[in-house]
Amino acid sequence: PWVTPLGLWMGSGGCGRWEEEKKEDGIKWMQLEHRGPYFVPPYEPLPEDVQFYYDGKPLKLSLATEEIATFYAKMLDHEYTTKEIFQNNFFHDWRKEMTSEEQEIIKDLDKCDFGEIHKYFVEKNEARKALPKEEKQKLKEEADKIQEEYGYCILDGHREKIANFKTEPPGLFRGRGEHPKMGMLKKRIMPEDVTINCSRDSKIPEPPEGHKWKEVRFDNTVTWLASWTENIQNTLKYIMLNPSSKLKGEKDWQKYEVARRLKDVVHQIRAQYRKDWKSKEIKTRQRAVALYFIDKLALRAGNEKEEGETADTVGCCSLRVEHIQLHPQLDGQEHVVEFDFLGKDSIRYYNKVSVEKPVFKNLQLFMKNKDPTDDLFDQLSTKFLNKHLQHLMDGLTAKVFRTYNASITLQEQLKALTNPEDNVAGKLLSYNRANRAVAILCNHQRSIPKTFSRSMQVLQEKIDAKKKQVEEAQEEVKKAEDEFEDTKDAKAEANVEKKKKLLKRLEEQLAKLNVQATDKEENKQIALGTSKLNYLDPRISVAWCKKFGIPIERIYNKTQREKFAWAIDMAGEDFEF
């Protein structure tokens, strides 16, 4: 059922892995036919009763000016709009698009009131979320129709999927970190800006009515379908074929899309296995309890092993009676199951979990009259479980549950833990804490590194030395202030400022070292890498980086950035898993 997602936006440095298999003399394809990009619908004017105010009075704006005002209004609750550079760049670009009459009136951003417009878009957004199911379905069908029409191309006789076939909507440039161009106007892409690339013998895409393309090329030494220059950085943007569509990146992307599909049906699945806890068939009950563990605890299914595999490792379906203990009450909680077994790679899984009462009762039943070495789920095989999962959703396996729960946990933890006011080090600590929550869920442990205590000691020495520097700097500030009290001269005053600046810098460095120490300590027995590379949709991390201005290289190293090039190109800051 999967069609390859050909069109991946290539970032500035499209990496080698995305290069297509070379044909003779750099030829990339023999035939390429497509519909061209899908253009963002034209601007819809605001309703009459939603007004912009200048200096306390309502002011009717021309259409172009109003559209740009909505870009700013939509971002009012974003920290960007509190930044001076963002405000200045926006106001400068906005004024350029105004009529001369508007330029005469609107001269000060502080006198502009976008509140009503902001409220209108917030309410519109809420209304869209609250639409009845039929309406949502209708919108989905419309989107599917556009996807069907514009989202595929014919490449050398194969119908291939394009991931990003839409032009980027106009808006205000955000950039990462403290970008000097933040707030500038990202202009609407028109057909006249777009160069089309296709094969000479193909049906050349039609531009929208009343428009023409900038140019039509027949260049089969490149893999892009359309390109234009964006106005902020003056860089070329492409709708690209995904040259490695048959390779790893494609499989990765598919894997997370399957997990995202689970999001739509997981509630029904949970309702079903709860119902099955009361089934007349013991086999169905066992399957339902196992599925509950796989879902709630992210346990692996525990596949049947090849003969001769020596390590006694188990997963959910192969748990034995000796691997769990039941406690009607423990540590102030009811119905506690204590797990203790060796999982994949002989990593011990030890966990005490309060479960729902029917699960507890069923486990008592499954353990009745059995020896410690007997199977807990004696009527359940992984094959039987996977067949059931496949019936619940196409492509569903126990691993998909793990991927889904890991990714959802990361997304929720990032929302809960990230403080927009924190500096980069503080935000990265929050990211690692969110990643840790996932690693704990997936039981990704590691033994404490041999070098841990030594490197911790070195870090502690650095912290102590820095504390000493801070204390000395505090003394220096006090001395300089006393001197200024006595002399009141400008030189002494300048000296106070200089000493205060130094103190502030040292205090920031100390805070950063303390954050490092906390992170290191919390991380000593947890392996973050496994979930980061295998279970977490990289688009969640990319979106988080983009949203909070964190350089992606602080999360992913070079190899990981190449592995997740598809995600870095695809995900905007608003991506939701």
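The values are calculated or read from the model by the stated rules, or taken from the named source; none is laboratory data. Note that this is a predicted model, so its numbers are computed, not measured. As a convention, Cβ positions derive from the backbone with ideal geometry for all residues, glycine included, and neighbour counts pool all protein chains shown. When the accessible area is computed, the model is the full protein with side chains, heavy atoms only, and any ligands, DNA or RNA have been set aside. Shrake-Rupley method; radii C 1.70, N 1.55, O 1.52, S 1.80 Å.
Miscellaneous remarks
- Filter result (open to solvent by 60 Å² or more (accessible area, probe 1.4 Å) and farther than 30 Å from M367 by Cα) within the stretch 385-418: D394, E412, Q413, K415, A416, L417
- Residue tally, condition aromatic (F, W, Y) and surrounded by 16 or more Cβ atoms within 10 Å (Cβ to Cβ), over the stretch 447-504: 1
- Here the stretch 27-48 is the region considered, the condition is being over 19 Å from K187 (Cβ atoms) and not in a loop (DSSP other than H, G, I, E, B), and the residue that is least open to solvent (accessible area, probe 1.4 Å) is L32.
- When E192, E141, E160, E149 are checked against the criterion of being under 21 Å from E67 (Cα atoms), of a type in the set (D, E) and not in a loop (DSSP other than H, G, I, E, B), E192 stands alone in meeting it.
- The number of residues in the stretch 215-228 being touching a helix residue (DSSP H, G or I) at 6+ places or on another chain (Cβ under 7 Å) and buried (at least 16 other Cβ atoms within 10 Å of the Cβ) comes to 1.
- Scanning the stretch 343-350 for any residue that is assigned by the TED database to the domain that holds E281, within 27 Å of N432 (Cβ to Cβ) and crowded, with 17+ Cβ neighbours inside 10 Å turns up at least one such residue.
- Annotation for the stretch 542-554: at least one member residue is open to solvent by less than 10 Å² (accessible area, probe 1.4 Å), within 20 Å of V438 (Cβ to Cβ), free of Cβ contacts under 8 Å to residues at least 24 places away in the same chain and assigned to a helix (DSSP H, G or I).
Okay, residues lined up against (1) closer than 26 Å to K74 by Cα; (2) touching a residue at least 12 places away in the same chain (Cβ under 8 Å); (3) surrounded by fewer than 12 Cβ atoms within 10 Å (Cβ to Cβ):
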| position | (1), (2), (3) |
| --- | --- |
| C112 | yes, yes, no |
| Y120 | yes, yes, no |
| K129 | yes, no, yes |
| D144 | no, no, yes |
| Y150 | no, yes, no |
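- Just one residue in the set Q87, Q51 is polar (S, T, N, Q) and outside any helix (DSSP H, G or I); that residue is Q51.
- Verdict on D537 being open to solvent by less than 10 Å² (accessible area, probe 1.4 Å) and not hydroxyl-bearing (S, T, Y): yes
- Check on T382, open to solvent by 80 Å² or more (accessible area, probe 1.4 Å), hydroxyl-bearing (S, T, Y) and assigned by the TED database to the domain that holds R287: no
- Members of the stretch 348-381 that are among the β-branched types (V, I, T) and in a helix (DSSP H, G or I): V359
- In the stretch 64-84, the residues that are farther than 12 Å from R174 by Cβ and of a type in the set (V, I, T): T65, I68, T70, T82
- Qualifying residue in the stretch 171-178 (condition: over 30 Å from Q87 (Cβ atoms) and modelled with pLDDT of 90 or more): no
- Looking only at residues of the stretch 54-84 that are assigned to a loop (DSSP other than H, G, I, E, B) and either in contact with a helix residue (DSSP H, G or I) (Cβ under 6 Å, 6 or more places away or on another chain) or open to solvent by less than 30 Å² (accessible area, probe 1.4 Å) (or both), we find that the one that is nearest to F548 (Cα to Cα) is M75.
- Residues that are touching a residue at least 40 places away in the same chain (Cβ under 8 Å) and either in contact with a strand residue (DSSP E or B) (Cβ under 6 Å, 6 or more places away or on another chain) or open to solvent by 40 Å² or more (accessible area, probe 1.4 Å) (or both) within the stretch 319-337 comprise R320, E322, H323, I324, L326, listed in sequence order.
- Condition check for R188: open to solvent by 20 Å² or more (accessible area, probe 1.4 Å) and more than 21 Å from the chain's Cα centre (by Cα): yes
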